[in-house]
1. Specify the residue that is farthest from the chain's Cα centre (by Cα); the eligible residues are those in region A:101-115 that are within 16 Å of ligand 1 (Cβ to nearest atom) and over 16 Å from A:Arg54 (Cα atoms).
2. Give me a count of the residues in region A:1-42 that are at pLDDT below 95 and not hydrophobic (A, V, I, L, M, F, W, C).
3. One residue is enough: does region B:534-543 have a residue meeting the conditions touching a helix residue (DSSP H, G or I) at 6+ places or on another chain (Cβ under 8 Å) and either closer than 22 Å to B:Met250 by Cα or within 16 Å of ligand 2 (Cβ to nearest atom) (or both)?
4. From the list B:Thr753, B:Thr757, exactly one residue is in a loop (DSSP other than H, G, I, E, B) and closer than 29 Å to B:Asp459 by Cβ. Which is it?
5. Keeping to region B:588-610, report how many residues are without any contact (Cβ under 8 Å) to a residue 24 or more places away in the chain and open to solvent by 20 Å² or more (accessible area, probe 1.4 Å).
6. Cβ-Cβ under 8 Å, sequence separation 6+ or interchain: first residue in region B:232-245 and under 30 Å from A:Cys102 (Cα atoms), partner of a type in the set (Lys, Arg). Which pairs?
Amino acid sequence: MDYEIETTMTLNGTQVTRRIAARTHLVDFLREEMGLTGSHAGCEHGVCGACTLRVNGDIVRGCLTLAVACNGKTIDTIEGVSDSGEAAEMQHAFHERNALQCGFCTPGMIMCAIDLVKNKPAAKREEIREYISGNYCRCTGYHAIVDAIEAVLISKQRLGGKS
Amino acid sequence: MSQDIVNSTTTTPVAPVVDRPLQAPGTRPQTGYIGKSEPRANAKRLLQGRGSYTDDLRFPRLAQVAYFRSPHAHAKIKKLDLSKARVAPGVIAVVDGYAVRDICSPWMGVLSHLKGIRSPLQFPLAIERARWQGEPVAAVVAETRAQAEDARDLVEAEWEELPVVVDMRDALAGQTVIHEELGDNICFHRELDTGEVDAAFAKADCVVEESYSFGRHTGVCLEPRIILADYNAGEHSLTVHHNTQSPHMMQQLFAKHFDIPEANIQVIAKDVGGGFGIKVHTYPDEMCTVALSIMLRRPVKFVADRMESMVSDIHAREHRVKIRLAADKAGNILAFDLDDLTAIGPYSVYPRTSGIEGNQVVNLTGGPYKHKQYRAKLDAVFTNKNVTCQYRAVGHPIAAAVTEGIVDAAAIKLGIDPAEFRRRNLIRDDAYPYTFPSGIRFEKLSHHKCLDKLLEIMDYPALRAEQAALRKKGIHRGIGLASIIEVTSPSAAFYGVGGAPISAQDGATLRLDVSGMVTVLCGVTEQGQGTDAIFGQIAATAVGVSLDKVRVLTGDTRVTPYGGGTWASRGAGIGGEAVLQSGKALKSNILDVAAAMLNVKKVTLDIIDNTIIDTTTGEKKLPLAEVGRVAYFRPDTLPMNFQSELTVTRHFVPREYAFTFANGVQGSLVEVDPDTGFIKMLKHWCVGDCGTVINPLLVDEQTRGGIVQGIGGAMFEECMYDERGQMLNANLADYLVPMSFEMPDIVTAHIETPTKTSELGAKGAGENGTAGAPAAIMNAINDALLPFNAKVRDMPFTPERVLKALGKV
Ligand code: FES
Ligand code: FES
């Protein structure tokens, strides 16, 4: 039998406690145990970024993070940032510019994009391209994604300038 | 002269091409949402992580399967010991090829119109022998995926390694034969000759010859292949949740190979994480998963992990091509002569075959040009690598790269600018309909308009001037052009005539709901291209409702009309036209009801903006919701003998032409560092003509995504094998997929030459980008290397290959 460890985390604002097999990675735990299917597994070896989510405020590869290692930590998934409205502006910008096709990379891409807004509010196209390079998209040409993120940054800068 | 041309099979008389405007003559033009950049309604749930991909579904008593795959490229299975795996925790069943063979009949990937194509029978699990590394050999079913994978590691096999055939030239030479019963390694051979080719070369002032090679790629859909089969013994029925591009085709194949009536089989594809042609084939592990559900009488799911995707999703490309071009001194192309060798793995993939890609190279090479002489030879050979089959833009990137590469070579030899050389040789825009030497018929293309537009948006003269100035400073930029043709919206000539159970037609059902909303059901499927969105736009336009009133449902064999699904850029051209015709019929039926309600003549009424109006006064008569209410709830108030028909279905298949050709041209600007061999893609341009553009927002990013996939093949992607047939980079860290940082901004523009074979006028737009990008990039790199008298010819163009071309390593 798998060795299980009792783990408590704050998941999208709610505290949850579960016994989790030590080898289970965070995305499997979220998808299989918590029914949060928004985080996707595209490679499960840390390359594609489809599993991108937030642990203690920083984006990580959910497939390279063991669920039991999140004891005492705060986890935010695409479902959380959607329901709280945190990602709404970015999601709107993606929608307007068709910055997604199949949508499989999209939750990870959105998590990365809102992280960029926080960490690099003045990023130019080239820097946006670099920042999201850990997130593969096989459908779009990345161009629309860069457009969407750029639009959010510009609108934030404009608002910031006014205040 | 051989004329076994796939697309010249239509010999029955067909209706003449007629001009069909979107509106009847005299009516006020009402294009509604056609041509409008409307964001996709179905994208919102995906943005919130609330899609329904196959792996998101939850089922009671679901079992999961993991596959034990051959570690060898070619080996005899001497012993397979499943006993340890069978007693591992959570294990439900462990089976080998013999057990599954009784449930699922074998298949053979041949089609009668590809004359002479051969392939052995293929089984869900290898029996006696494995013929590629990654071929499934045993299946382990357990309560959870982790348990299935644990137990899989307990399968013990004893192998006797056999000689492998890895290089396609060895395969052709045939020293080692993979399938003894076939006698040699040739799967498919084709020759085409218009005659007079040697004469054309003999009289030519300029003859150029090049050899190109193309690496193997694979599709890397970000969502891997997933199938969840649920057999119900009580009614001998099968429900399959499958991220397939073609649910009805799979329904046929399941019916045939599991001996279940087609009507008892439902195939459902909800959200699908990318297709690109990867998810439109018969995979042994998927067939085996269905067999296991039948054997175990419970739902069984298979999710390919990325490592096994790399050795089991179809691969594509891998060609070696020799091409010659003859031209006169005025710069007119006289003839092309092509020799293509391609390696397809140990089996031709069922049911589309692995002969189509090479066949397309033969059909399409030289496609944009007006030469008269053409000769081509193709050999598709078996090797002990993973199978290859149709991946996005099937054959086009190869045909385009060899054509455009040799065209540039000729232009350079003749001292003519590549843009000017194309201008002299592209088929004139007023020359249509046109029959190309390979036998293909083009209805109407716009090569010159597209080229003019491209040169304008690139500002070609300025780029050339800048290039010359920078060269003096030791900065080496290159400009590459590539004109292409694109097969879209195929008729039955592609597969049906060869015996494949693949529908060329598609249907659409439209229903007026009580509230005045419209529901659309269509056999075309969605993998993110935006098919649902454009069907909504077309339906709204045809019926006269606003876009927010339309709901679209695709991807379910039980509820949608019969159709082929999504492949070969057929969604807009075929599915879209079915939606349009169905929408017009529904509108007419709605007006019948309204006329009966209002007791006026139908011709006096129209539907605009969800409302029945009087056509002469423009007066609003009834909201559509009132028509729905009366038709469904108060039919007693309508005249005796009147029946409302508020659900209609229409079908469409192109008849006049075998394929609805689209065309386009791309431009690439790169900078090559001659010291490191690194190539920076600075910018890319594409002008496409997909006929009527239904939604520019979607077409533009679809085009860009296609270009990036084409760039992937040209610059990064290659399934690398060693001499023992082991794939060396079967993971995403080593198999390089384009990332945003390396990709240039991509400028798109459109020329619209609507096809007259449908009222909608749409041609396909899905593969143009992938078709032309490698050619444009190659020409740009070689343009940059021109001062060094160096040239790259082997894709992908790695820094090492650039340095080799420069003689530096
Ligand atoms: S699934 Fe985690 S990086 Fe790909
Ligand atoms: S939208 Fe399909 S992978 Fe990004």
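The values are calculated or read from the model by the stated rules, or taken from the named source; none is laboratory data. Here the structure is a predicted model, which means the values were calculated and not measured. Neighbour counts are summed over all protein chains in view; Cβ atoms, including those assigned to glycine, are modelled from backbone coordinates with ideal geometry. Note: areas computed on protein heavy atoms with side chains; ligands, DNA, RNA excluded. Shrake-Rupley method; radii C 1.70, N 1.55, O 1.52, S 1.80 Å.
1. Across region A:101-115, the extreme among qualifying residues is A:Cys102.
2. Count: 2.
3. There is no residue in region B:534-543 that is touching a helix residue (DSSP H, G or I) at 6+ places or on another chain (Cβ under 8 Å) and either closer than 22 Å to B:Met250 by Cα or within 16 Å of ligand 2 (Cβ to nearest atom) (or both).
4. B:Thr753
5. 7
6. So the pair list comes out as B:His241/B:Lys270; B:Asn243/B:Arg225; B:Asn243/B:Lys279; B:Thr244/B:Lys279; B:Gln245/B:Lys279.
Conditions (1) within 13 Å of ligand 2 (Cβ to nearest atom); (2) of a type outside the set (Gly, Ala, Ser), marked per residue:
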{"position": "A:Ala50", "(1), (2)": "yes, no"}
{"position": "A:Leu64", "(1), (2)": "no, yes"}
{"position": "A:Ala67", "(1), (2)": "no, no"}
{"position": "A:Lys73", "(1), (2)": "no, yes"}
{"position": "A:Asp76", "(1), (2)": "no, yes"}
{"position": "A:His92", "(1), (2)": "no, yes"}
{"position": "A:His95", "(1), (2)": "yes, yes"}
{"position": "A:Cys102", "(1), (2)": "yes, yes"}
{"position": "A:Cys105", "(1), (2)": "yes, yes"}
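Let's see how each residue does on (1) within 14 Å of another protein chain (Cβ to nearest Cβ); (2) within 16 Å of ligand 1 (Cβ to nearest atom):
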| position | (1), (2) |
| --- | --- |
| B:Ala263 | no, no |
| B:Ile268 | no, no |
| B:Gly273 | yes, yes |
| B:Lys279 | yes, no |
| B:Ala291 | no, no |
| B:Ile294 | no, no |
| B:Pro299 | no, no |
| B:Phe302 | no, no |
